[in-house]
């Protein structure tokens, strides 16, 4: 029961104090679950992030669900998921109940300008950590560089290409190269 409470409270704290959605939460999830609690490894966090990004639903909720499931099965998944969702739900419910024009309040609007900068920094921090832990092999570096260049060109020229399309392209390319290498290795053994 203690681990369930710990999962709930850990993810509730992340959900309560993180603005900007799932990408901003990744850095805090890693700090709490990998470095602090040691529930998962850095490699698992990278894998979770990739899987959570490519499955339906918000990335932070998917990460929380996985970590909870890894620790205590279905009960852990529920505790972690409720923990990360409940604070945001309560805050939005409270704001919508009492304040009709919440963002029209001057000090709130100014606070959110500062929060946007902090969110960008949290997302950048998560990206840098993932890049630093990425295997320094030519294929992953080439795929990362190609995806980065493609995203920059998509943004610069305002093209309507989904990031999901880029992820699927990178996955197909990686699988094709893996299959080709495996086939070459198989042929080398038969000769």
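The values are calculated or read from the model by the stated rules, or taken from the named source; none is laboratory data. Bear in mind that the values here come from a model prediction, so they are computed numbers and not experimental data. Note that each Cβ is placed from the backbone with ideal geometry, even for glycine, and that neighbours are counted across all protein chains shown.
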Residues being surrounded by 21 or more Cβ atoms within 10 Å (Cβ to Cβ) and either out of contact with any helix residue (DSSP H, G or I) (no Cβ under 6 Å at 6 or more places or on another chain) or assigned to a helix (DSSP H, G or I) (or both) - total across region 13-23
3
Every residue from region 141-157 that is closer than 16 Å to residue 130 by Cβ and touching a residue at least 12 places away in the same chain (Cβ under 8 Å):
143, 144, 147, 151
Out of 116, 160, 133, 182, sole residue that is out of contact with any helix residue (DSSP H, G or I) (no Cβ under 8 Å at 6 or more places or on another chain) and in contact (Cβ under 8 Å) with a residue 40 or more places away in the chain
116
Looking at the structure I just gave you, is residue 49 under 19 Å from the mean Cα position of the chain (by Cα) and free of Cβ contacts under 8 Å to residues at least 12 places away in the same chain?
no
Any idea how many residues of region 152-173 are surrounded by 13 or more Cβ atoms within 10 Å (Cβ to Cβ) and modelled with pLDDT of 85 or more?
4
Selection status of residue 176, surrounded by 10 or more Cβ atoms within 10 Å (Cβ to Cβ) and within 26 Å of residue 128 (Cβ to Cβ):
no
